[in-house]
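Input: a single structure, listed below in structure tokens.
Please treat every number below as a calculation from the coordinates, not as lab data. Bear in mind that the values here come from a model prediction, so they are computed numbers and not experimental data. So basically every Cβ, Gly included, is an ideal-geometry build from the backbone, and we count neighbours across all protein chains shown.
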Amino acid sequence: MRAILICVCLVGSAIAAYYGQPFMHGNADAVLVIVTVMTVFAGFLVAIITIIGDPALIPDGTWRVAENHRENIEKRLITHLWLFVWYLIAIGFLFVGTLLDKTPTVPEETRLWIERAYLFFGTSSFLFTFALPKALWKFQMARIEAEIQRRRREHGLKD
């Protein structure tokens, strides 16, 4: 199911980039909005990666419990890291597009594809970000469940 959603986001972004490019051409306000949104998303994601990677969140127990929990954290971190890289690619293409816009010797076809590239990465990263709240919710629910189990054990109750 996840692969299907990723494909839908990528195809939708490609369509949006192809047909949306004329609206971006020479539109400094739209570029500024995309840069601002991608920068805020990237900063927010860094905070999430920091929280998820905090070793203090590993549940109590043996080293095997910690090892098993580490694998789950690593999977989440890798997913979020790729999303962060996606944001940076979008920002990078925006930067290159802005520089090339001021260079008169750059062919129009190159500008067109740079604009499509930053629209593609901007749109797809925006769509991928919709999965973030659910991932955070699942992470928080797991933390709450671990705390409940810890308190139950403190009072001698079985899990």
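Assorted remarks:
- Cα long-axis angle, helix 132-154 against the chain (0 to 90 degrees, to the nearest 10): 10
- Residue-wise HN-Hα coupling along the range 101-115, computed from phi with Karplus coefficients 6.51, -1.76, 1.60 (Hz; x: Gly, Pro): 5, 8, 9, x, 7, 7, x, 4, 4, 5, 4, 4, 6, 5, 4
- Chain lengthening between LEU77 and ILE15 when straightened (0.36 nm per residue, less Cα-Cα): 19.4 nm
- Relative contact order of the range 2-131: 42 percent, from C-alpha pairs under 8 Å at least 6 residues apart in sequence.
- Taking the square roots of five times each eigenvalue of the Cα gyration tensor of the range 67-144, the equivalent ellipsoid has semi-axes of 37, 12, 8 Å, listed largest first.
- Note on the chain: dipole from Cβ charges, positive end direction compared against ILE15, GLY92, ASN72; the farthest Cα belongs to ASN72.
- Sequence-distant aspartates and glutamates (8 or more away, or on other chains) whose Cα lies within less than 18 Å of LYS138: ASP54, GLU71, GLU74, GLU147
- Set of lysines near LYS134 by C-alpha distance (under 19 Å), chain-local residues within fewer than 8 positions excluded: LYS75
- Expected 222 nm ellipticity per residue - DSSP helices of 4 or more, -39500 (n - 2.57), all of the chain, to 500: -29500 deg cm²/dmol
- Over the chain, the reciprocal of the mean inverse Cα-Cα separation, the Kirkwood hydrodynamic radius, stands at 18.1 Å.
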